[in-house]
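To keep things clear, I will list the structure first and then write my remarks on it.
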């Protein structure tokens, strides 16, 4: 009887440990890919392309449409995971993505910089279903001088 209760208790503890760590979002590791100067509607800006190096570690389930969660603007089928880019020095959000459909979308995405200066950026991965958020490493993007 005692052995059965002990086994049951250990099973519950083991299950709790496994489910709390096995399904945690990996910490994204980002790197700078390249930058390009562009003009759109007469406005000049620099487009910085970045990559989550460990994109293959992210479960496909994170990128499923999540109509049961709050929408992203008018997109009622936005993905379960949202990806936001932040100025690492000010923690100000620069840009975000709410429609990635697969982990491969983390291989190349971008944000625009329209003002002169240098930026350090980081990426936040937000699993809205599990209410888990993780930040990446910080990277320096090329300075915009003109």
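The values are calculated or read from the model by the stated rules, or taken from the named source; none is laboratory data. Quantities reported herein were computed from a predicted structural model and do not represent experimental measurements. Backbone-built Cβ (ideal geometry, glycine too); neighbour counts: all protein chains shown.
A quick yes/no check of all residues on (1) under 15 Å from residue 108 (Cβ atoms); (2) at pLDDT below 95:
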site	(1), (2)
21	no, yes
35	yes, no
50	yes, no
54	yes, no
57	no, no
60	no, no
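Give just the number: which of (1) in a loop (DSSP other than H, G, I, E, B); (2) at pLDDT 95 or above; (3) surrounded by fewer than 17 Cβ atoms within 10 Å (Cβ to Cβ) does residue 115 not satisfy?
Looking at each condition in turn, residue 115 falls short on (2).
Are any residues in segment 118-134 over 28 Å from residue 39 (Cα atoms) and either surrounded by fewer than 16 Cβ atoms within 10 Å (Cβ to Cβ) or free of Cβ contacts under 8 Å to residues at least 60 places away in the same chain (or both), and if so, which ones?
The answer is 126, 129, 130, 131, 132, 133, 134.
Can you tell me which residue in segment 96-109 is nearest to residue 49 (Cα to Cα), limited to those that are in contact (Cβ under 8 Å) with a residue 24 or more places away in the chain and surrounded by 17 or more Cβ atoms within 10 Å (Cβ to Cβ)?
109
Only one of these conditions is not met by residue 59: (1) in contact (Cβ under 8 Å) with a residue 60 or more places away in the chain; (2) surrounded by fewer than 16 Cβ atoms within 10 Å (Cβ to Cβ); (3) under 19 Å from residue 128 (Cβ atoms). Which number is it?
(1)
Quick test for you: out of 30, 50, pick the one residue that is touching a residue at least 60 places away in the same chain (Cβ under 8 Å), under 17 Å from residue 143 (Cα atoms) and under 12 Å from the mean Cα position of the chain (by Cα).
Residue meeting the stated conditions: 50.
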